[in-house]
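Below is one structure, written out as structure tokens, with a few remarks after it.
The values are calculated or read from the model by the stated rules, or taken from the named source; none is laboratory data. All values reported here derive from a predicted model rather than from experimental measurement. When we count neighbours, we look across all protein chains shown, and the Cβ atoms used for this are built from the backbone with ideal geometry, even at glycine. Ligands, DNA and RNA are excluded from the accessible area calculation, which covers all protein heavy atoms including side chains. Shrake-Rupley method; radii C 1.70, N 1.55, O 1.52, S 1.80 Å.
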Amino acid sequence: MTDPLTPVLSDNWDTDRSWTLAAYEQLDGYGALDKALGQTQDDVIELVKSSGLRGRGGAGFPAGMKWGFIPQGDDKPHYLVVNADESEPGTCKDIPLMMASPHTLVEGVIISAYAIRANLAFIYVRGEVLHVVRRLQRAVQEAYLAGHLGKDIHGSGFDLDVIVHAGAGAYICGEETALLDSLEGRRGQPRLRPPFPAVAGLYACPTVINNVETIASVPCILANGADWFSSMGTDKSKGTTLYSLSGHVNRPGQYEAPLGITLRQLLDVAGGVRHGHELKFWTPGGSSTPLLTAEHLDVPLDYEGVGAAGSMLGTKALQIFDETTCVVRAVLRWTEFYKHESCGKCTPCREGTWWLAQTLTRLEQGQGTEADLETLVDLCDNIVGRSFCALADGAAAPITSSIQFFRDEYLEHLRVGDCPFDREASTLFAMAGASA
Amino acid sequence: MTDMETTAASRQQVDAGRELPAATLAELHEIAARYPDRRSALLPMLHLLQSVQGRVTAEGIETCAAMLDLSAAEVSGVATFYTMYKRRPVGDYHVGVCTNTLCAVMGGDLIFERLKGHLGVGNDETTDDGKVTLEHIECNAACDYAPVMMVNWEFFDNQTPESAAAVVDDLVAGNEVRATRGARVCTWREAERVLAGFPDDRADEGPSAGPASLAGLQLARERGWRAPQPDRGAADGDAVAADQASKGVREESDVAVDASPAGTRHQDKKRSRDAAAGTETSNGSSKEAGT
Ligand SMILES: Cc1cc2nc3c(=O)[nH]c(=O)nc-3n(C[C@H](O)[C@H](O)[C@H](O)COP(=O)(O)O)c2cc1C
Ligand code: SF4
Ligand code: FES
């Protein structure tokens with residue numbers, strides 16, 4: 001039996017000055033790189049394939065398979081791009097990883113770039129995290145000075161440069177093709193696929209884009225083997241991963257566990273829902289994944305389990321809301337976010353999110369009519385699957401799921417003619433007051 | 001003409017008659033040269049311009065356009081797409097209160113209300129003394145520390161209306177302010193410079209992680225939970241040899257990190273001055289760590 005928590009990615013976060021090269025090397029850092037460089041590129045790809053590592057950025061696409069799509073023996077440059085844009089509401093795992101151990105990511109970048117035969121890699125990090133940008137810049141600089149980056153790395157003949165590139169505030173730039181446009185100095189708007197980035201990505205060249213946690217998982221697979229990695233997790237969702245608990249929970253934070261742990265188990269180790277309150281609703285993987293309720297406490301938090309429950313594992317961002325939270329207010333706020341972040345490229349999303357926000361605003365204020373609920377569901381129907389990218393599907397997710405589970409609460413707003421909730425009661429300060 | 005002469009000549013042409021300081025123009029060219037395709041430099045170039053001019057100006061847009069062979073309209077289209085680029089002057093301190101759902105519910109809305117009243121400004125407005133610009137922001141990837149406030153994009157975790165007002169008072173009074181998870185707060189312009197890819201010397205300040213980041217790890221330590229032990233089999237044999245072979249190389253380069261001020265790749269002005277004056281460099285910032 002595997003232990004309930006399995007810190008690997010987070011294992012060095014409590015060491016002294018964990019972000020420095022010295023601290024990282026003390027724990028065998030950059031040892032995995034030697035192992036990788038001692039194998040052929042194809043062997044590294046095979047290893048990652050057989051580990052079962054799936055993308056941690058939301059969609060869960062098998063990482064090794066993605067790498068395998070990169071054409072071999074072509075004469076175009078290849079690029080590796082790390083998606084460090086982390087902006088999906090609720091998601092807060094990549095930022096602490098890069099803050100505490102940027103070298104884990106940098107080592108992963110070198111190994112991954114070697115595997116896909118790239119000589120230039122980019123870390124596209126959202127701009128709104130200054131100290132993380134600093135730590136990445138420093139880590140890359142240290143890696144150059146130590147010969148882990150640059151020419152002829154560890155005497156292997158492999159060359160790699162890494163550029164830390166700060167974004168400028170746009171959620172849509174987390175979408176991989178919008179990210180590429182942004183990295184090319186354009187407005188961040190998604191591209192038509194195909195061609196997929198593996199064929200024509202950055203500068204129309206073969207490009208792999210992976211999430212921070214995906215790439216940061218590569219060194220431990222090299223170091224400990226594919227079998228070791230896949231001994232954790234479930235049948236189709238392998239390995240250890242960061243679950244992020246936030247909101248009305250006694251000990252919010254990062255909990256690294258094998259894929260497939262349940263929310264009940266996680267709440268158990270995190271001290272439960274805040275004292276004196278009970279779970280009302282939660283997101284399994286950020287605001288773009290349909291809401292779940294206390295009914296779903298025993299759903300295995302892997303790709304298949306959450307999918308079967310009608311939602312998605314997404315980024316494993318577990319936002320916990322207790323009974324003091326107005327679900328209509330919560331959903332309205334997310335909807336305003338999607339409206340603001342819609343890139344405007346396609347009509348169903350640009351116009352649709354605007355109408356959704358209008359309708360929800362009225363409902364939240366206790367105005368409007370019951371028919372507005374049908375209008376909302378209808379609108380969502382017309383947006384989902386008819387838009388250019390998954391941002392719009394994400395916008396609909398909280399709305400349709402909240403109407404499914406909390407129709408009465410919407411109606412209660414209409415009966416009362418106002419929001420029936422006390423905003424103070426849901427705050428952290430109310431929590432502090434209660435426990436004092 | 002050689003390539004270098006052509007570049008120099010075209011640079012002169014681009015730079016002629018511009019009001020921006022020559023040092024800034026040089027740095028803009030430097031950013032453009034980092035990328036295989038110069039246009040990729042546009043976002044960092046706009047960050048650098050904000051660090052010099054306090055916002056994106058018409059002159060800045062035209063300079064980028066000339067350097068990257070784009071039209072001013074193209075550059076402007078990019079600048080207006082991203083929320084971090086500001087057309088109106090930003091104060092010394094940009095204070096962002098997360099009001100996305102999780103933080104809002106946990107108190108972000110009340111914090112934002114309090115700061116508006118406290119500072120006497122609305123959303124995206126700057127105090128009359130030019131010190132503070134207040135803005136409500138979207139999820140900043142710190143939800144496990146909700147409610148969250150950012151000052152010049154440094155984390156201020158687990159805020160209350162009172163603690164947030166106190167931070168703002170300190171900023172206005174010119175007191176030194178430290179992020180709860182990050183460095184001493186610099187000015188917004190200095191922060192923009194780092195985002196443009198010119199590091200300052202503060203990477204070693206602040207903790208590795210805050211308490212919430214370590215919540216799971218600490219519990220695992222207490223309970224003795226850990227990942228399965230890897231089966232270090234025969235396959236590791238040659239890796240060990242390779243590891244030892246490269247160790248020697250690495251030990252030498254560690255020395256290089258410590259001793260080589262000039263070896264820093266993205267070297268900042270301040271750092272080169274320090275180096276010239278014989279003060280500490282890469283490892284010098286250990287002075288600041290943990291203080
Ligand atoms: C609107 C939108 C925002 C996204 N934001 C992110 C993000 O911030 N970080 C991320 O890694 N993936 C994000 N993704 C997913 C990426 O498009 C892509 O699937 C991912 O980076 C691939 O990496 P992975 O296979 O390692 O997960 C987003 C997708 C959409 C539709
Ligand atoms: S769905 Fe929305 S975000 Fe995606 S391309 Fe269309 S308008 Fe842009
Ligand atoms: S919701 Fe505020 S940091 Fe995520």
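Of note:
- Compared with the rule-of-thumb size 2.2 N^0.38 Å for a compact globular protein, chain A has a Cα radius of gyration ratio of 1.00.
- Amide H contacts under 5 Å for B:Lys86: B:Val56, restricted to partners 5 or more places along the chain or on a different chain, H placed in the peptide plane at 1.01 Å from N.
- In this structure the amide hydrogen of A:Arg54, modeled in the peptide plane, comes within under 5 Å of the amide hydrogens of A:Ala63, A:Lys238, none closer than 5 places in sequence on its chain.
- For region B:104-111, putting each phi into the Karplus relation 6.51 cos²θ - 1.76 cosθ + 1.60 with θ = phi - 60° gives couplings of 4, 5, 7, x, x, 4, 5, 5 Hz, in residue order, rounded to whole numbers and with x for Gly and Pro.
- Centre separation in Å (Cα based) which lies between region A:377-424 and region A:122-185: 38
- Nearest-0.05 FRET efficiency for A:Gln358 and B:Lys116, computed from C-beta distance (R0 22 Å): 0.35
- Here the dipole of region A:357-413 is about 240 debye; that uses its Cα centre as origin and unit charges on the Cβ of Lys and Arg (positive) and Asp and Glu (negative).
- Computed from the Kirkwood radius of its Cα pairs, the Stokes-Einstein diffusion coefficient for region B:104-189 at 37 °C and 0.692 mPa s stands at 253 µm²/s.
- Karplus-derived HN-Hα couplings along region B:82-96 (A = 6.51, B = -1.76, C = 1.60, θ = phi - 60°), whole Hz, x at Gly and Pro: 9, 6, 6, 8, 10, 8, 9, x, 9, x, 4, 10, 8, 10, x
- Neighbour net charge for A:Asp3 - beta-carbon separation under 10 angstrom, K R +1, D E -1: +2
- Comparing Cα centroids, region A:23-86 and region B:131-170 end up 36 angstrom apart.
- Shape analysis of region A:256-355 based on the Cα gyration tensor places the equivalent ellipsoid semi-axes at 28, 17, 10 Å, largest first.
- An ellipsoid equivalent to the protein assembly as shown, defined through the eigenvalues of its Cα gyration tensor, has semi-axes of 37, 32, 26 Å when rounded to whole angstrom and sorted largest first.
- Part-to-part distance (alpha-carbon centres) for region B:1-80 and region B:97-127, which is given in Å: 35
- Kyte-Doolittle mean at least -1.0, axial Cα span of 30 Å or more - DSSP H helices of chain A: A:390-416
- Highest-MSF residue in chain A out of A:Arg423, A:Arg251, A:Arg135 [GNM, Cα springs under 10 Å]: A:Arg423
- The count of lysine pairs in chain A that are at least 8 places apart or cross chains, and whose C-alpha atoms lie under 15 Å apart, stands at 5.
- Applying the Karplus relation 6.51 cos²θ - 1.76 cosθ + 1.60 with θ = phi - 60° to region B:28-36 yields 3J(HN,Hα) values of 4, 4, 4, 4, 4, 6, 6, 10, x Hz, where x marks Gly and Pro.
- Accessible area buried at the B-A interface, both sides summed, 1.4 Å probe (Å², nearest 100): 8200
- Database remark: amide H of A:Asp302 closer than 5 angstrom to the amide H of A:Gly260 (H placed geometrically; neighbours at sequence offset of 5 or more, or on other chains; Pro and chain starts carry no H).
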